[in-house]
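The values are calculated or read from the model by the stated rules, or taken from the named source; none is laboratory data. A quick note: this is a predicted structure, and the numbers were derived from the prediction, not measured. No Cβ is skipped: glycine too gets one built from the backbone with ideal geometry, and neighbour counts run over all protein chains shown. Heads up: the accessible areas ignore ligands, DNA and RNA and are worked out on the full protein's heavy atoms, side chains in. Shrake-Rupley method; radii C 1.70, N 1.55, O 1.52, S 1.80 Å.
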Protein chains: 4
Amino acid sequence: MAIKNLQDLFSESLDETQLTAKQKAVLRASLKLFSDKGFDRTSTSDIAQLAGVSEGTVYKQFKTKDGILAAILGPFVQQVIPRAASEFSETITATTYPSFEEFLRTVIKNRIIFVIDNQRQLRIVLQEIITDNNMRQTFTKLIQELVSGPLGQAITHYQQAGLIVQWPVLRVFHYIAATIMSYAIPVALAGSSINTQKATDEAAEFLLKGLKP
Amino acid sequence: MAIKNLQDLFSESLDETQLTAKQKAVLRASLKLFSDKGFDRTSTSDIAQLAGVSEGTVYKQFKTKDGILAAILGPFVQQVIPRAASEFSETITATTYPSFEEFLRTVIKNRIIFVIDNQRQLRIVLQEIITDNNMRQTFTKLIQELVSGPLGQAITHYQQAGLIVQWPVLRVFHYIAATIMSYAIPVALAGSSINTQKATDEAAEFLLKGLKP
Amino acid sequence: MAIKNLQDLFSESLDETQLTAKQKAVLRASLKLFSDKGFDRTSTSDIAQLAGVSEGTVYKQFKTKDGILAAILGPFVQQVIPRAASEFSETITATTYPSFEEFLRTVIKNRIIFVIDNQRQLRIVLQEIITDNNMRQTFTKLIQELVSGPLGQAITHYQQAGLIVQWPVLRVFHYIAATIMSYAIPVALAGSSINTQKATDEAAEFLLKGLKP
Amino acid sequence: MAIKNLQDLFSESLDETQLTAKQKAVLRASLKLFSDKGFDRTSTSDIAQLAGVSEGTVYKQFKTKDGILAAILGPFVQQVIPRAASEFSETITATTYPSFEEFLRTVIKNRIIFVIDNQRQLRIVLQEIITDNNMRQTFTKLIQELVSGPLGQAITHYQQAGLIVQWPVLRVFHYIAATIMSYAIPVALAGSSINTQKATDEAAEFLLKGLKP
DNA sequence: GATGAATGAGGTTTCATTCAT
DNA sequence: GATGAATGAAACCTCATTCAT
């Protein structure tokens, strides 16, 4: 049945430093298998085998198979999504980036690096979003918060400064997200490598033109 | 294990008109369940129950659970993907669309309508692309053919006419695809409704600006 | 569960001349499949397919799968086993064969020809004897009757005439049967061909020596 | 589908001492059921019930139903058939048995004892030989090797010593085998008891006469 | 008489989970 | 903490049999 909602994930909050070597091996094996074959097509015995531990050990720390998923996705959404929010918050409150281009480049680059660093987690999240209603709702809400929160404020800021076109914030956000995804998806799905700087330059160039007032 | 490759799907080629009412019900139920809960989380007894038939009936026509998936996805890739190709071919060979804008609008509109009409199939295909290596490879190849074929020629055509910027064809394609997807994905995933005309206008407006020479 | 006992077979007593062409095809297909793959590994749909009829037709004449087995084995035991008995009866009552050698040659030849003509049926019977308790008992009884009946009388006759050794009738019977089987089994199991006359000569030569007084 | 060939059996080579009590119970129950009702008429739930374990346990050690068959027949062919070969080898190379009668008695006795000890396994093998093509071929080859190998040499030896008749080796072998089987088959099929010494005496007496030069 | 779609009981197999050692 | 044998529910699938056409 997989995860109920992201709130549950937060509550797990397992301290990775408390895990034994074997338990970490279980997490590592699960990450690989879940992202390669999918959560449902991975058996706990697959995990035990790849991790080089007994089946019992798999269940020692993580009470259920869902628990493993939570332990993998927990840190991911817990540490990374908030980081995105605060990152945007800073950009606007501190007005660190006076020009829209600089802001755009930072956002694009960060997101591309993030995707590269979290390919496997992303693939697992993607699976769950498609198959799990709760997961879908949670992520929808998360994006809404992002748009109505820090990122939305940033966009509004640049619009008021006359630096970008006066379309609804959500529309602008969609285009930025889609353009980044056009670079990120091949990486996430096929695991192909990418030149981060070149990708950033290209995406920024296109978006600057497309969003010019 | 799910589908091996799209070639297999073609060979299935089951004539839907030959199916009995109950077998069609099986297909309908499977489409709903696979797209809602995912292939792996749907049991054949779920399907039988929703279709109002016995489990035996599920297996009478579609020898395996994978066979049902093939029967659903077969017509989808068989009839629709080629249609997309021929659609682009015609646009360019007949130079039916003298202006890039008109071309763009047609492409965008067609794709959005396609997504709306095939939400469930798309979600299933998406699942498989994420979890199934063969499916992933097949689709990668398919896109390559599209870009190096009719659609690529169309883009080149407009570039030579000086109507769009001189970026590599693949890059231009990515932006068009990504922009369309920014409208299509919410529909496909959340099943939200959409104003096709408005979406087409907006996407065309953004792309025209972004791809201006 | 297969056949209950041979008495049931007799009661079937279906007149082969009453069968339609399709029903005969069912019997022919069943004979081949049962003897090749075994009764349990043959499905009624296998039979229908090989016979070129619908599954319904298979059940029109033969109410159950066991019914088909009965229809195949019925004539076999019904017509052939009794024939064996009467054959022996005649040999002794009519004293058609004054010499033991002539008697032996006739018996051996007849049995070998019988095996060649009924390879498939024999294989099916053999299967059932091994797996079915009732079948086993029935055949044990049948042999006992044969030995205590006509064949036993024949052996006794030749013993009293001083033509063969004075061992118990059952023991003599066993050796004769075993020697014949040493030629019959390869034929029945592997379907290998055989020179009937040569086999008869050899078997008779060995048995005459072995059973000499 | 049952076993592919005897080579596969050898490779199984599961160390019976490594099996847990429950797994041995599974093997014991399977041996009884397969030999009583036949492989195909025995369900894995039958086995679990008789063994007093869960169905899952049946599959823990023996991955498939065929795997159980292999685990039963493996040791049988692995340990016993070679023993037969070496037994004959010794008789001739060491010329332990100067008289043909002594040789014959040893062979007969050993085979009868073997049959008594392995009734159930033999019945299972018999089933497979009748229904499974590969099993049939494997056993045919095995017998050919026996005849062209140690046993054939022994027979030739006694022929050259003028102790038995000058018939082809295969023919002599057939008569010996058939005579032994005339005692073994009732035991194997009906499970009837037998006086080994008496049977040996009788069989030897008959064969000595029948094979006298 | 013939068809073949439909049934459902039951077979084989998988797998998340538990627990004694 | 770690093991792996054991469990049993539930998954996928087969097949003898029925019945409306």
Review point. Which of the lysines could a cross-linker span from C:LYS198 if the Cα-Cα distance has to be under 30 Å and same-chain partners fewer than 8 positions apart are dropped?
Key: C:LYS32, C:LYS109, C:LYS209, C:LYS212, D:LYS141, D:LYS209, D:LYS212
Practice item. Stick to Cα atoms and the Kirkwood definition of Rh, then tell me Rg/Rh for the range D:15-65. Key: 0.94
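What do you reckon, how do D:ARG111, B:ARG105 stack up by accessible area (1.4 Å probe), largest on top?
These residues rank, largest area first, as B:ARG105, D:ARG111.
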Revision key, fill the gap. Rounded to two decimals, the Debye log10 I(q)/I(0) of the range B:102-213 (Cα scatterers, no solvent) at q = 0.19, 0.21, 0.22 Å⁻¹ is -1.08, -1.22, -1.28
Exercise for review: Would you mind listing the distances between the A:LYS22 label point and the same position in each other copy? Use 7 Å along Cα-to-C-beta, nm, one decimal, shortest first.
Suggested key: 2.0, 5.2, 6.5
Practice item. List, in order, the whole-Hz ³J(HN,Hα) value for each residue of the range A:128-134 obtained from phi through the Karplus relation with A = 6.51, B = -1.76, C = 1.60 and θ = phi - 60°; use x for Gly and Pro. Key: 5, 4, 6, 9, 10, 4, 4
Review point. Could you give me the ³J(HN,Hα) list for the range C:57-63, computed from phi with Karplus coefficients 6.51, -1.76, 1.60 and θ = phi - 60°, whole Hz, x at Gly and Pro?
Key: 4, 4, 8, 5, 8, 9, 4
Check your understanding: Tally Lys and Arg at +1 and Asp and Glu at -1 over the other residues with C-beta under 12 Å from the C-beta of C:ARG105: what net charge comes out?
Key -> -3
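Net charge near B:LYS209: determine it from the other residues with C-beta under 10 Å of the C-beta of B:LYS209, scoring Lys and Arg +1 and Asp and Glu -1. Spell out each step's value before the answer.
Numbers: positive: A:LYS209, A:LYS212, B:LYS212; negative: B:GLU205.
Residues close to B:LYS209 contribute a combined charge of +2.
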Practice item. Take the Cα pairs of the range D:121-173, get the Kirkwood Rh, then feed it into Stokes-Einstein at 37 °C and 0.692 mPa s and tell me D in µm²/s. Key: 262
